[in-house]
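The structure under discussion appears below in the form of structure tokens.
Derivation of every value follows stated rules applied to the coordinates shown; laboratory data play no part. A quick note: this is a predicted structure, and the numbers were derived from the prediction, not measured. Backbone-built Cβ (ideal geometry, glycine too); neighbour counts: all protein chains shown.
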Amino acid sequence: MTIEFAPYSSGDADALADFLTGNDWPFHAGTQDAETVRRRAENGLYWNDESRTFWVLAGGERAGLVRLQDLADDTPMFDLRIRADRRGQGLGTAAVAWLTSYLFTEFAHITRIEATTRQDNHAMRAALRSNGYAKEAHYREAWPTPDGTPYDSIGYAVLRRDWISGTVTLPDWHDEPATRSS
Ligand SMILES: CC(C)(COP(=O)(O)OP(=O)(O)OC[C@H]1O[C@@H](n2cnc3c(N)ncnc32)[C@H](O)[C@@H]1OP(=O)(O)O)[C@@H](O)C(=O)NCCC(=O)NCCS
């Protein structure tokens, strides 16, 4: 199966609305209605100075969407969504590899890329780990859900220098001062 990444274009608003409203997104808060998606697309939300959006094409079919955000910062973030019937087939992992390379190659000022996900989003966490993203943060009960259950929120990032060298530098988790004995 060939996996390609095609830039979003202004004629894609209807396809985008279908994609976003036609799938379940269990790890995203709230789903916009199709009209709102089209309006946001017309207002340039998906392609502007700070944001770029790409379709994930699997065998030529639109199977996912990557939205790159905060591109003016040295630390951008991204939103990655794979169509419900195409999950678990390696597309998310391939998309993280592609977007990481794209961001570091296209934008010289980017030094790190961040991603935050819900603790129980095991597929996303695995896709990040296998692409060299290191866990940097664990926010307890920081991700509220509509039914009131708070989940932990997990932060990952990859450094440009690690991406270049193919290593993963872990944070120093033992940097607290030693406890004084009385
Ligand atoms: C999260 C998401 C992008 C991952 O993409 P994907 O194509 O489904 O994932 P992959 O097939 O590349 O699998 C990645 C890893 O997760 C594992 N995995 C896949 N589905 C899984 C599941 N339901 N539970 C546990 N592990 C799972 C795979 O075995 C693989 O593990 P490996 O690296 O050890 O081989 C995709 O599932 C998705 O779009 N989900 C809904 C939207 C979302 O949650 N986006 C992220 C918001 S932060």
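Specify which residue in the list Ile110, Trp55, Ala97 is farthest towards the positive end of the charge dipole of the chain, using unit charges on the beta carbon of Lys, Arg (+1) and Asp, Glu (-1), about the Cα centre.
Ranked along the dipole, the leading option is Ala97.
For Thr31, Thr93, what ranking results if the residue with the fewest other Cβ atoms within 10 Å of its Cβ goes first?
Details: Thr31 13, Thr93 17.
The fewest-first ordering by Cβ neighbours comes to Thr31, Thr93.
Ratio to report: Rg/Rh of the range 1-68, with Cα atoms as the point set and Rh obtained by the Kirkwood method; give two decimals.
Answer for the range 1-68: 0.96.
To the nearest 0.05, what FRET efficiency results for Arg39 and Trp173 with a Förster distance of 35 Å applied to their C-beta separation?
0.20
Just to be sure I understand the model, the point goes 7 Å from the Cα along the line to the Cβ. What's the resulting Tyr102 to Asp14 distance in nm?
2.4 nm
Using +1 at the Cβ of each Lys and Arg and -1 at the Cβ of each Asp and Glu in the chain, identify which of Gly44, Ala127, Thr31 lies farthest towards the dipole's positive end.
Ala127
Determine, at each q value in 0.12, 0.14, 0.18, 0.19 (inverse angstroms), the log₁₀ of I(q)/I(0) that the Debye formula gives when each Cα of the range 69-182 is one equal point scatterer.
-0.50, -0.66, -0.99, -1.07
Taking the Cα centre of the range 88-182 as the origin, how large is its charge dipole in debye, to the nearest 20, when only Lys and Arg (+1) and Asp and Glu (-1) carry charge on their Cβ atoms?
Dipole of the range 88-182, to the nearest 20 debye: 200 debye.
Let me spell out the model: positive unit charges on the Cβ of Lys and Arg, negative unit charges on the Cβ of Asp and Glu, origin at the Cα centre of the chain. What dipole size does that give, in debye rounded to 20?
420 debye
Which translational diffusion coefficient, to the nearest whole µm²/s, is obtained for the range 3-165 from the Stokes-Einstein equation, given a Kirkwood hydrodynamic radius over C-alpha pairs, 20 °C and 1.002 mPa s? All intermediate terms of the calculation are to be shown ahead of the outcome.
Working: Rh = 16.5 Å.
It diffuses with D of about 130 µm²/s by this estimate.
If each of Trp25 and Ala72 carries a label point 7 Å out from its Cα toward its Cβ, how far apart are those two points in nm?
2.3 nm
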